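Okay, structure first, notes after.
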Amino acid sequence: MFPAHPNQFGPPKPAPAWLGWLAFLFFVFAQVFSVVTSPADAMMGHLQKNMYVHVPAAWVAFGAFGVVLVASLYFLWRDDERADLLAASSAEVGSLFCGLTLVLGMLWGRPTWGVWWSWDARLTTTLVLFLIFVGYLALRSFVEDPHRRGQWSAAVGILGAINVPIVWMSVQWWRTLHQIQSNPRGLSPVYLRGLLLNVAAFTLLTIWFIWRRYEAARYERAAEHAAQAAALGGYNA
Amino acid sequence: MAFSDDVRRIRAIVWKDLTTERRSKAGFNSVASLGVTILVLFGLALGPDGKALHDAAAGALWLAILFAGVLAFNRSYQVELDGGALEALLLYPGARWAIFAGKLIANLIFVTLMLVIVVAVGIVLFSVDVPATWPRIVLIMMLGVVGIVSLGTFYAAMSSRSRAREVLLPLLLYPMLIPVLLAAMSATKALLFGDVMNEAGAWMQMLVIFDVIFLVATFLAFEYVIEV
């Protein structure tokens, strides 16, 4: 059960401002560096630059959903509401980057493939993952009781994460049984350096976002606890 | 001893749920009618060209089952909640998973009966030639229904007790069911057209894998979902 007192865990550790600045400046540096140093691609031209936002966004989105899985499991195991709030914060940030991945991919796909969308395994799986986490966030907003919300969304988060590889496999089969997808080409080191730099920058940004969101979520919960206690005529928080 | 008690408990819940349905009939009749209506609408959207209808028959059939089935899952808990009976059910001694198993089996029977009606109508409306491999199609349908019903019964335990239950269940359930739908539709379609690429077996494996994983996962997670 949840603690009756809002300050059982003490105030949340605030996300340090320097981390935010570091993430932001590193992101600007990584973007400028990769755009300036990479030559135009033989086939894609400067469209290739989209890789420096699209691919890192996809990676951190999947990483954030990994955090949701681990935090949800921990929450069901230990019933620690901080894990629930971390999972929720991570799901929000993950959905943001997942949506960004899809939009950036479409913007790249239209001039490259001639279509906004292609039903290949990676695209479809990313879209399904996005939809699963939209459902996760909707569930959270439709359930009032915090403990119930925690248990339920943890179950949805875990089942959703289990499903990701299965979705990927099924779409892959569905595609390959009908039409062969082109293979991704190997990446030259000129591009790889910029890509890895941006993955690091995006990861830092994601940590900062989740941390800030988690901090806010902790204060929201403390306020809820305090309001509940006041309504019951309880302690002077 | 303990296990035979659980089996008795499961049987009691299945019997209770099915008796309620049998005595009111309104639930089953409206859900089955909805399934048929959806098939008609698909026919209007895809027809009147006979070949296009024939090609799309497998997909239309599964979507009709999915759309109509969702109503059954919320109903299965809604009937309990209206009478405040879910609390009573939870207060009875014994394992919680037995409640889930009972509801799951009752829903399986309910959806299977609906499937029989929808398939019969689908064969007529979409001019499907039943192939000689029809026992395999029946097997695929059972595997697909197990996947849909296990996750449907699980998610309905949450959505039926939340605000906005009508929209929440499909929103949670449909993305999760994409592998089942892809596999069931592809396998059914392949078998209807003679399975020339020999792909139905692979899809059947995927259905079995999905069913096993999510039966285990939902049985484990139900405890957490129902206790609060």
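The values are calculated or read from the model by the stated rules, or taken from the named source; none is laboratory data. No experiment lies behind these values; they were computed from the predicted model shown. Cβ placement follows ideal geometry from the backbone for every residue including glycine, while neighbour counts extend to all protein chains displayed. Keep in mind that these areas ignore ligands, DNA and RNA; they rest on the heavy atoms of the full protein, side chains included. Shrake-Rupley method; radii C 1.70, N 1.55, O 1.52, S 1.80 Å.
Looking at region B:124-133, which of its residues are surrounded by 14 or more Cβ atoms within 10 Å (Cβ to Cβ) and in a helix (DSSP H, G or I)?
Here is the first cut: in region B:124-133, the ones surrounded by 14 or more Cβ atoms within 10 Å (Cβ to Cβ) are B:125-126, B:128, B:133.
Within region B:124-133, B:L125 is the sole residue that qualifies.
Tell me which residues, restricted to region A:73-104, are touching a residue at least 24 places away in the same chain (Cβ under 8 Å), farther than 24 Å from A:A57 by Cα and aromatic (F, W, Y). Across region A:73-104, the qualifying residue is only A:F75.
Tell me whether region B:143-160 contains one or more residues that are open to solvent by 10 Å² or more (accessible area, probe 1.4 Å) and within 11 Å of the chain's Cα centre (by Cα).
Scanning region B:143-160 turns up at least one residue that is open to solvent by 10 Å² or more (accessible area, probe 1.4 Å) and within 11 Å of the chain's Cα centre (by Cα).
Can you say whether A:L86 is within 14 Å of chain B (Cβ to nearest Cβ), at pLDDT 90 or above, open to solvent by 20 Å² or more (accessible area, probe 1.4 Å) and part of a helix (DSSP H, G or I), as far as the supplied structure shows? The answer is no for A:L86.
Given A:W59, A:W21, which one is within 25 Å of the chain's Cα centre (by Cα), of a type outside the set (A, V, I, L, M) and exposed (fewer than 13 other Cβ atoms within 10 Å of the Cβ)? Spell out how you get there, then give the answer.
Working: A:W59 fails: exposed (fewer than 13 other Cβ atoms within 10 Å of the Cβ).
Result: A:W21 is the single residue among A:W59, A:W21 that is within 25 Å of the chain's Cα centre (by Cα), of a type outside the set (A, V, I, L, M) and exposed (fewer than 13 other Cβ atoms within 10 Å of the Cβ).
Kindly provide the set of residues from region A:137-159 that are at the interface with another protein chain (Cβ under 8 Å from one of its Cβ atoms) and either of a type in the set (S, T, Y) or in contact (Cβ under 8 Å) with a residue 40 or more places away in the chain (or both), ordered by number. Once the filter is applied, which keeps residues that are at the interface with another protein chain (Cβ under 8 Å from one of its Cβ atoms) and either of a type in the set (S, T, Y) or in contact (Cβ under 8 Å) with a residue 40 or more places away in the chain (or both), region A:137-159 yields A:H147, A:Q151, A:A154, A:A155, A:I158. Criterion first (outside any helix (DSSP H, G or I) and basic (K, R)) does B:R136 satisfy it? When the stated conditions are applied, B:R136 does not pass them.
So which of B:M185, B:M197 is open to solvent by 10 Å² or more (accessible area, probe 1.4 Å), touching a residue at least 40 places away in the same chain (Cβ under 8 Å), within 14 Å of chain A (Cβ to nearest Cβ) and not charged (D, E, K, R)? Reasoning before the result, please.
Details: B:M197 fails: touching a residue at least 40 places away in the same chain (Cβ under 8 Å).
Sole residue among the options that is open to solvent by 10 Å² or more (accessible area, probe 1.4 Å), touching a residue at least 40 places away in the same chain (Cβ under 8 Å), within 14 Å of chain A (Cβ to nearest Cβ) and not charged (D, E, K, R): B:M185.
Mind listing whichever residues of region A:137-161 are over 15 Å from B:Y174 (Cα atoms) and of a type in the set (V, I, T)? Result: A:V143, A:I158.
Of all the listed residues (B:A106, B:A88, B:A120), the sole one being more than 14 Å from chain A (Cβ to nearest Cβ), modelled with pLDDT under 90 and either assigned to a helix (DSSP H, G or I) or closer than 27 Å to B:A56 by Cβ (or both) is B:A88.
Residues considered: A:E81, A:E92. Of these, the only one that is more than 14 Å from every other protein chain (Cβ to nearest Cβ), under 23 Å from A:T206 (Cα atoms) and either modelled with pLDDT of 90 or more or crowded, with 17+ Cβ neighbours inside 10 Å (or both) is A:E92. When B:V212 is tested against (1) more than 8 Å from chain A (Cβ to nearest Cβ); (2) open to solvent by 40 Å² or more (accessible area, probe 1.4 Å); (3) closer than 20 Å to A:R175 by Cβ, exactly one condition is not met: (3).
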